[in-house]
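Encoded as structure tokens, the structure appears first; notes follow it.
The values are calculated or read from the model by the stated rules, or taken from the named source; none is laboratory data. This structure is a prediction, so every number in the text was calculated from the model and none was measured. Ideal geometry is used to build each Cβ from the backbone, glycine not excepted, and the neighbour counts take in all protein chains shown. Please note that ligands, DNA and RNA were not included when accessible areas were found on the heavy atoms of the full protein model with its side chains. Shrake-Rupley method; radii C 1.70, N 1.55, O 1.52, S 1.80 Å.
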Amino acid sequence: MGGVEDGQPPSKRLRLSSAASSSLSSDLRAEEPIVAGSLRDLMARPIECQGEEEVIGSRGVIKKLEFVRLIAGALYALGYERTGVSLEEESGIPLHSAAVNLLMQHVLDGRWDESASVLQSIGLEDETAIKSAKFLILEQKFLELLADGKTMDALKTLRTEISPLRIKTSRLHELSSCILYHPPSENGFAHKDLPKAKLRPEVLHELQKLLPPSLMVPARRLEHLVEQALNLQRGTCIYHNSSDWEMSLYADHHCGRDNIPSRTLQILEGHQDEVWFLQFSHKGKYLASASNDRSAIIWEVSLNGEVSLKHRLCGHQRAVSQVLWSPDDQQILTCGAEEMVRRWDVLSGECLQVYEKAGIPAVSCAWSPDGEFVFAGFSDKSIGMWDLNGKELECWKGQRTLKISDLEITRDGKHIISICREAAILLLDRETKLEKFIEEDQAITSFSLSNDGKFLLVDLLNQEIHLWNIDGDVKLVARYKGHKRSRFVVRSCFGGLEQSFIASGSEDSQVFIWHRSSGKLVETLPGHSGVINCVSWNPVDHHMLATASDDRTIRIWGLNGANMKRRVYQSNGTHQCNGKL
């Protein structure tokens, strides 16, 4: 059919859909015949042999046998049963041997004795692996017998089949306990920690992990390899800042600079003095800022990305150095520079509580992960903890914090992080009192914690930013350079999709953005006319960045092509200040 003789072997046949044939023919001259040989040049094909193994691909590293087996496995996983069978028949390459297929069917049918017997004939030479696989099968047999009320048969399996394997002694003891607690107690409940029978597909999945992949191809292996390739392309793309669904298998992935916020969309002029700090709420709906004008402002981010003033928070007698959002974004903390900590309601703008120590000014503050407690660092180098009503519950004294300091509580609530010495950060375990330290060679000015709680971004006086892994042993993993810092506290932050970027202010009035994993500088953003003290990346809208400057403004940055808007908010009493406490 179609000009191909029926006597030719299947590998010589050319099969094209009508759409594909039409597309290809438009690229070929009319006078040139469409032959199988010319079109196979467009497809993956064998190019050489290494010993007896045929390989395909331009580099000759893909073994044809393995490739075909993975394709067959993918077809079955997608539900294309007949196509998978056809591939096995036409290629002469089975996904699994007959013995492995029989083993898999026995497991799914619950024929445990036959499963254990077939194990000996699948070609597995590793005696340890055989025993582990047999233990798994017989354990499921034991647990199913118990579940069916066949206690004596289960006991016999334990004594005569599982125990003689002489492996996994602790697990054997757990299985023995099942006999003691079976049948369930009179109230209908068995011991909750005892092993229970798995679903049979789960047993098959566990069995696959014990056997060599050449015998039993891992489920969805081709999908896994494709995902690895996409992740690698994404990881090496220094501008990747969009949803993964935009990636395609049809072409290699490359993003452009237009995925990074680089254009000023709004200039917010609500403060009357230098803006020292700002932070987006966890859901990205609000932005809070703190200023040397002794106020904090809550800004609201509309659905179209426009930022407007919601509340001006007054009551501090000195400059406001920090604002921090509660875990549910319903409240914020403000910390006066060497003054006190205040807690505010976001919806009303009302001050709810003040946290202070007589004669000892606060220098930093933090929320507990559940939002039920407030922490503060003080100028006497201590750290205190209060309930929301202002009752002090605990105090950690000694060299716990500095006059200029940040304070963080890890997501599990177990560790307090603070600058304890000029060039050291303390990680204090609240329960065990054990201390770990990050030691730097230069003075530390500030730090920030990643969303997953595993990394700490440390700003240094010597114009470097260091990224530390604090999950387990403390380890320095990256350095970022290029910004200017000599006299002031200039803060950096994580941001972008999966926090793949590092952004920082600078004393030269520019914003610096680096690709986190490679350390490459990807963008510098001019626009401010004073020192940029702080940056914050919207955690939901990865294309929105906010910066705070000594020029008394906040800039909202977005993607190129959007229209810039200027918003001027005067202190005219339109938004009531409520600092009555």
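Of all residues in the stretch 487-499, how many are open to solvent by 40 Å² or more (accessible area, probe 1.4 Å) and in contact (Cβ under 8 Å) with a residue 24 or more places away in the chain? Residues flagged as open to solvent by 40 Å² or more (accessible area, probe 1.4 Å) and in contact (Cβ under 8 Å) with a residue 24 or more places away in the chain within the stretch 487-499 amount to 2.
When each of Leu103, Leu143, Leu119 is tested for being open to solvent by less than 20 Å² (accessible area, probe 1.4 Å), assigned to a helix (DSSP H, G or I) and touching a Pro at 6+ places or on another chain (Cβ under 8 Å), the lone residue that passes is Leu143.
Evaluate the following for Gly270: is it within 23 Å of the chain's Cα centre (by Cα) and of a type in the set (Gly, Ala, Ser)? Considered against the rule, which asks whether it is within 23 Å of the chain's Cα centre (by Cα) and of a type in the set (Gly, Ala, Ser), Gly270 comes out as no. The residue that is modelled with the highest pLDDT, counting only those in the stretch 33-53 that are part of a strand (DSSP E or B) and open to solvent by 70 Å² or more (accessible area, probe 1.4 Å), is Glu53.
Return the total of residues in the stretch 268-292 being within 18 Å of Ser529 (Cα to Cα) and charged (D, E, K, R). Residues that pass the stated criteria total 3.
Of the residues making up the stretch 229-264, those that are surrounded by 17 or more Cβ atoms within 10 Å (Cβ to Cβ) and of a type in the set (Val, Ile, Thr) are Ile238, Ile260, Thr264. Looking for something small (Gly, Ala, Ser) and closer than 17 Å to Gln140 by Cβ - is there at least one such residue anywhere in the stretch 85-105? No: zero hits. Within the stretch 243-264, at least one residue is part of a loop (DSSP other than H, G, I, E, B), touching a residue at least 60 places away in the same chain (Cβ under 8 Å) and out of contact with any Phe, Trp or Tyr (no Cβ under 9 Å at 6 or more places or on another chain). Taken together, the residues in the stretch 527-541 that are assigned to a loop (DSSP other than H, G, I, E, B), touching a residue at least 40 places away in the same chain (Cβ under 8 Å) and open to solvent by less than 50 Å² (accessible area, probe 1.4 Å) amount to 4. With respect to (1) of a type in the set (A, V, I, L, M); (2) open to solvent by less than 40 Å² (accessible area, probe 1.4 Å); (3) part of a loop (DSSP other than H, G, I, E, B), the lone exception for Ile267 is condition (3). Evaluated against (1) open to solvent by less than 30 Å² (accessible area, probe 1.4 Å); (2) over 22 Å from Arg200 (Cα atoms); (3) in contact with an Asp or Glu (Cβ under 9 Å, 6 or more places away or on another chain), Gly84 falls short on exactly one condition, (3). The strands (runs of 3 or more DSSP E) found entirely in the stretch 298-367 that carry 3 or more residues being within 20 Å of Thr547 (Cα to Cα) and within 35 Å of the chain's Cα centre (by Cα) are 307-314, 320-325, 331-336.
For the stretch 459-477, taking the residues that are of a type in the set (A, V, I, L, M) and either open to solvent by 30 Å² or more (accessible area, probe 1.4 Å) or in contact with a helix residue (DSSP H, G or I) (Cβ under 8 Å, 6 or more places away or on another chain) (or both), the one that is farthest from Ile532 (Cα to Cα) is identified as Val474. Being touching a strand residue (DSSP E or B) at 6+ places or on another chain (Cβ under 9 Å) and at pLDDT below 95 is the requirement here; does Ala376 meet it? It is true that Ala376 is touching a strand residue (DSSP E or B) at 6+ places or on another chain (Cβ under 9 Å) and at pLDDT below 95. Residues in the stretch 276-293 that are out of contact with any Pro (no Cβ under 8 Å at 6 or more places or on another chain) and surrounded by fewer than 20 Cβ atoms within 10 Å (Cβ to Cβ): Lys285, Asn292.
So, Val68, is that one modelled with pLDDT of 90 or more, open to solvent by less than 70 Å² (accessible area, probe 1.4 Å) and either under 30 Å from Leu143 (Cα atoms) or within 41 Å of the chain's Cα centre (by Cα) (or both) or not? In short, yes. The single condition among (1) open to solvent by 20 Å² or more (accessible area, probe 1.4 Å); (2) in contact (Cβ under 8 Å) with a residue 24 or more places away in the chain; (3) not in a helix (DSSP H, G or I) that Glu223 does not satisfy is (3). Kindly indicate which of Thr128, Thr157 is of a type in the set (S, T, N, Q) and surrounded by fewer than 16 Cβ atoms within 10 Å (Cβ to Cβ). When all the criteria are applied, what remains is Thr128. Taken over the stretch 107-159, the criterion of being among the β-branched types (Val, Ile, Thr) and under 43 Å from the mean Cα position of the chain (by Cα) is satisfied by Val107, Val118, Ile122, Thr128, Ile130, Ile137.
Checking the condition at pLDDT 90 or above and surrounded by 14 or more Cβ atoms within 10 Å (Cβ to Cβ), which residue from Pro218, Pro195, Pro213, Pro201 passes? I'd like the intermediate steps shown before the answer.
Working: Pro195 fails: at pLDDT 90 or above; Pro213 fails: surrounded by 14 or more Cβ atoms within 10 Å (Cβ to Cβ); Pro201 fails: surrounded by 14 or more Cβ atoms within 10 Å (Cβ to Cβ).
Within the list Pro218, Pro195, Pro213, Pro201, the selection yields Pro218.
Rundown of residues vs (1) open to solvent by 10 Å² or more (accessible area, probe 1.4 Å); (2) under 22 Å from Phe277 (Cα atoms); (3) among the hydroxyl-bearing types (Ser, Thr, Tyr); (4) modelled with pLDDT under 90, yes/no style:
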position: Ala424; (1), (2), (3), (4): no, no, no, no
position: Ile438; (1), (2), (3), (4): no, no, no, no
position: Lys454; (1), (2), (3), (4): yes, no, no, no
position: Leu457; (1), (2), (3), (4): no, yes, no, no
position: Arg479; (1), (2), (3), (4): yes, no, no, no
position: Phe501; (1), (2), (3), (4): no, yes, no, no
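Considering (1) modelled with pLDDT of 95 or more; (2) in a loop (DSSP other than H, G, I, E, B); (3) over 28 Å from Leu303 (Cβ atoms), the lone condition that Thr524 does not fulfil carries the number (2).
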